[in-house]
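The values are calculated or read from the model by the stated rules, or taken from the named source; none is laboratory data. Note that this is a predicted model, so its numbers are computed, not measured. Glycine gets a Cβ as well: all are built from the backbone with ideal geometry, and neighbour counts include every protein chain shown.
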Amino acid sequence: MRISQMFIPTLRENPQDAENISHKLLIRGGFIRQLSSGVFMFLPLGWRVIKKIYKIITEEMDRIGAQELFLSALSPSQLWKESGRWYSYGDDVFKVKDRKNREYLLSPTHEEIISEIARKNIHSYKDLPQIWYQVQTKFRDEPRPRGGLLRVREFLMKDSYSLDATWEGLDKSYELHREAYIRIFKRCGLKFIHLKASSGLMGGSQSEEFAIISDAGEDEVVICENCGYSANVEVAISKVPNFVNSKYKQFEKVLTKDITTVEEVSNFLNVSKDNIIKSMLYYSDNKPYLVLIRGDYDINEEKLRNIIGEFLYATDEDIIRLNSYPGFIGPYKLENVQIIADESIKYMDYGIIGANEKDYHFVGYKTNFENYYDVRKVKKGDICANCGSEIDIKKVIEIGHIFKLGTRYSESMKVYFQDRDGSLKPIIMGSYGIGLGRIMAGVVELYNDEKGIIWPISISPFDVIIIDIEGGEVSNMIYEKSKNNLDVIIDDRKDVSPGVKFNDADLIGIPFKVIVGKKLRKNKIEIQRRDGFENYEVDINNSIEFIEKLVTDEKKKFEI
RNA sequence: CGGGGUGUAGCGCAGUGGUAGCGCGCUUGGCUUGGGACCAAGAGGUCCCGGGUUCAAGUCCCGGCACCCCGACCA
């Protein structure tokens with residue numbers, strides 16, 4: 001393709017509303033544009049990248065025997081009411097009505113639709129197993145889109161669904177997906193990790209995330225360098241590192257006027273935060289629960305939810321009704337409240353607690369509860385529950401997620417098959433997703449320099465860019481001869497200076513620059529690698545073969 | 001939904017109640033060609049929207065909208 005005829009609107013300056021690197025570079029390079037908050041469009045260059053990612057994904061999905069199909073985005077409400085997600089998804093889905101006032105939603109994911117197809121068309125164990133996948137636009141009304149392509153409200157996702165007759169079958173389908181995903185991400189040139197994750201709204205028994213470690217990420221992951229344990233902080237477990245010997249061992253009431261938060265108490269009484277027991281009141285099913293946790297930890301609400309169910313925060317009125325006082329609530333003589341003590345409490349001898357009375361705390365409170373729970377958000381410095389080393393916490397971008405759904409949807413939506421013995425059984429399902437835009441943004445976050453993007457050749461919009469400086473005919477010859485075997489683009493613009501061409505080429509990140517310029521006098525052209533590792537000078541007569549070999553060798557690095 | 005910020009030419013931005021500006025980009029002509037050249041002449045504005053104060057509002061006041069960031073939330 002000829003740049004002189006293409007639409008590649010590069011920008012010299014960073015867009016005002018972009019914060020992270022991938023957002024800035026993808027906009028500046030003319031790959032994407034934003035239409036509205038969380039709504040992006042792919043311009044020709046960006047779409048070429050997406051199509052390359054798409055191709056890798058389809059090849060790997062096909063390899064595990066998955067079949068591509070294409071489902072609708074518009075989805076009638078009935079299906080979602082059957083599964084219950086019409087309500088549980090809440091405001092996070094776009095809901096629409098047709099002219100007859102019938103309700104639809106724009107699908108945020110497709111378990112319900114897959115279930116609908118399966119229950120109408122799959123009747124026998126002989127029809128199983130199946131793996132179906134599609135690449136399609138998903139819609140989610142995210143409360144806060146952010147980071148360019150990283151969290152958006154309309155996005156391309158590869159989603160696949162496995163249907164099995166047995167749990168062993170599900171294990172196998174899940175395993176196949178794990179392998180396919182590893183191959184996909186490797187071929188896209190990504191450095192990634194996989195980790196235990198929360199199933200959240202999806203339901204089901206087991207799930208794993210694939211993620212890129214990046215400060216642009218918004219999820220936090222616990223990583224143990226020693227044994228390889230990794231898990232999303234939502235589900236991560238750890239051991240509390242140290243036993244705390246308290247300064248105050250005598251039980252007594254102290255005046256703490258207007259001192260309420262852990263921070264303030266720690267300053268006021270001159271103790272470290274781990275001497276304090278933080279008390280938080282929640283209501284679940286109209287019953288109050290007082291969660292106790294050591295002052296240097298935060299509550300992991302996902303874990304709490306697994307213990308007491310869906311909950312609400314107590315209001316100030318709730319606290320007063322329990323004969324306590326907001327800011328000074330504590331476990332001592334608080335009646336009719338179930339105590340949920342975190343394990344971190346076990347690792348302290350005496351603690352400081354609210355006195356359930358305005359402006360007072362107790363010090364020297366002896367901690368001794370019957371049961372301890374894990375409701376703690378793991379933090380840096382904790383001890384790995386697996387091997388005892390110190391764990392680390394890193395930010396990650398989630399790029400893929402695989403779930404064992406089990407019979408969550410087949411039971412609620414009555415997706416049954418008849419087994420060999422004649423009995424009706426629910427189909428056992430799995431669901432598996434990859435965000436294409438997140439791969440694109442993730443790669444840019446990982447591979448860039450001050451000049452721009454450095455694409456891995458496997459998903460680069462072009463393999464080679466020919467920069468024509470003074471060699472019109474020679475450039476053309478190289479372009480014409482190489483374009484059959486390579487994705488090649490030629491910068492044949494007559495009205496811009498060489499500097500502009502170099503800078504644009506680096507900005508859009510093409511792996512190889514073929515420079516046709518002053519070396520022509522020696523009958524040579526120059527080839528520069530975008531990653532800067534090596535440059536070459538080649539005789540014009542050998543140039544085509546040389547370039548083709550470079551590209552082929554480079555591509556081999558991404559094949560497995 | 002809470003907190004913070006921004007909104008002026010295509011992009012990035014300046015603008016003190018008194019004629020709407022700068023850099024880049026764009027158009028035309030000239031010149032130049034190895035890392036975002038140069039000269040000259042131009043085009044381009046709902047100063048986010050609505051209301052108010054004032055002789056006079058991009059600027060002050062009130063209300064709204066959009067976008068970004070932090071948090072809440074979230075496969």
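Quick notes on this one:
- Within the stretch A:501-530, the residues that satisfy the criterion of being touching an Asp or Glu at 6+ places or on another chain (Cβ under 9 Å), more than 7 Å from RNA strand B (Cβ to nearest atom) and not hydrophobic (A, V, I, L, M, F, W, C) are A:501, A:511, A:522, A:523, A:524, A:529, A:530.
- Looking only at the stretch A:427-479, and only at residues there that are more than 18 Å from the chain's Cα centre (by Cα) and charged (D, E, K, R), the one that is modelled with the highest pLDDT: A:463
- Residue match in the stretch A:342-363 (condition: of a type in the set (A, V, I, L, M, F, W, C), touching a residue at least 40 places away in the same chain (Cβ under 8 Å), out of contact with any Phe, Trp or Tyr (no Cβ under 9 Å at 6 or more places or on another chain) and not in a helix (DSSP H, G or I)): no
- 1 or more residues β-branched (Val, Ile, Thr): qualifying strands (runs of 3 or more DSSP E) within the stretch A:395-484: A:428-435, A:464-468
- As a summary of the residue check, residue A:381 satisfies the conditions (1) on the phi > 0 side of the Ramachandran plot; (2) over 35 Å from the mean Cα position of the chain (by Cα); (3) assigned to a loop (DSSP other than H, G, I, E, B) except for the one numbered (2).
- Here residue A:313 passes the criteria (1) hydroxyl-bearing (Ser, Thr, Tyr); (2) under 29 Å from the mean Cα position of the chain (by Cα); (3) within 19 Å of residue A:369 (Cβ to Cβ) except the one numbered (3).
- Qualifying position, being hydroxyl-bearing (Ser, Thr, Tyr), within 16 Å of RNA strand B (Cβ to nearest atom) and touching a Phe, Trp or Tyr at 6+ places or on another chain (Cβ under 6 Å), among A:107, A:115: A:115
- Checklist (1) farther than 26 Å from residue A:68 by Cα; (2) assigned to a strand (DSSP E or B); (3) of a type outside the set (S, T, N, Q) applied to residue A:388, failing item: (2)
- Of the candidates A:30, A:46, the single residue that is within 11 Å of RNA strand B (Cβ to nearest atom), more than 20 Å from the chain's Cα centre (by Cα), surrounded by 16 or more Cβ atoms within 10 Å (Cβ to Cβ) and in contact (Cβ under 8 Å) with a residue 24 or more places away in the chain is A:30.
- Count of residues meeting criterion [polar (S, T, N, Q) and within 16 Å of RNA strand B (Cβ to nearest atom)] in the stretch A:477-500: 1
- Residues of the stretch A:275-291 classified as without any contact (Cβ under 8 Å) to a residue 60 or more places away in the chain, farther than 17 Å from residue A:379 by Cα, assigned to a strand (DSSP E or B) and not polar (S, T, N, Q), total: 8
- Of the strands (runs of 3 or more DSSP E) that lie entirely inside the stretch A:89-175, those containing 1 or more residues that are among the acidic types (Asp, Glu) and farther than 21 Å from residue A:400 by Cα span A:103-106, A:154-164.
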